[in-house]
Amino acid sequence: MDMHQTTPETSALRLRLIKRFAGSTVTAVVCLVTLMPVSAAPKDDSTPLLRAEKSLRDFGGKAKDTASDITSYALSLIGVDYRFGGNTPDQGLDCSGLIRYVFQQATGLSLPRSAREQSRVGESVGKDNLQPGDLVFFNTRRFQFSHVGLYIGDNRFIHAPSRGGAVQVVSLDNAYWQKAFNGARRIVGSIPDISALVSTANAAVPKLSASFSAPSVVPSAEALAPTPLAADAASKF
């Protein structure tokens, strides 16, 4: 039997070998997955990994266009009355309601309802690295992330301010907003670069394989007879 081929029989045999020398079924299963031959993987673009990589690259290429759609849609709502708890322009909008409505309409993405919940979405962004479409958060009610706006570029953001006000654009250079600033989050374009993840995963495979030492003496058939637990685990591969 060619041990370099991946078949149900060779997988079961590998599991029995590793089970005997690794000490536990859990360790054996981990080793078995680690030692699966890399050459057995398909090399065409039909693999799930390659399809995912292509999808993420397409997403990255569209991120700037999506950010532009978001900011443009938000700017179209300037003048809409503020209303606490409001979810649509007809009702009126509060700060987080504005953000949620804009993302729903421009991207189809449904964000959490409150500013505090929205502050947990996406990835953290430094104030010096803000890009249009980022969310900016402020402490306006004596607790963090109590207010949210949408950064539109040129150190400005759009938000629904408070009762009696309306959706408007203001500057981050304003002393009040500088002091109240809590941080920013990036939702558009926040998916990590898959090429870096793939490179890291590929680099890890030889290390894990090299760290496993195969037995120098092949055990007898009797010694390889699977225990009930190992046989049950092997039957699932």
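The values are calculated or read from the model by the stated rules, or taken from the named source; none is laboratory data. Computed from a predicted structure; not experimentally measured. When we count neighbours, we look across all protein chains shown, and the Cβ atoms used for this are built from the backbone with ideal geometry, even at glycine. Calculation scope for accessible area: heavy atoms of the full protein, side chains included, ligands and nucleic acids excluded. Shrake-Rupley method; radii C 1.70, N 1.55, O 1.52, S 1.80 Å.
Of note:
- Simple label model, 7 Å out from Cα along Cβ direction - VAL169 to LEU75, nm: 0.5
- Peptides 110-120, 147-157, 164-174 ranked from most to least packed give 147-157, 110-120, 164-174, packing being the mean of other C-beta atoms within 10 angstrom over each peptide's residues.
- Cα centroid separation - region 121-184 against region 67-82, whole Å: 14
- Taking 0.36 nm per residue of sequence separation and removing the Cα-Cα distance, the ARG113/ASN139 pair yields an extension gain of 7.6 nm.
- Note on region 84-151: with neighbouring protein chains present and a 1.4 Å probe, carbon and sulfur make up 41 percent of its accessible heavy-atom surface.
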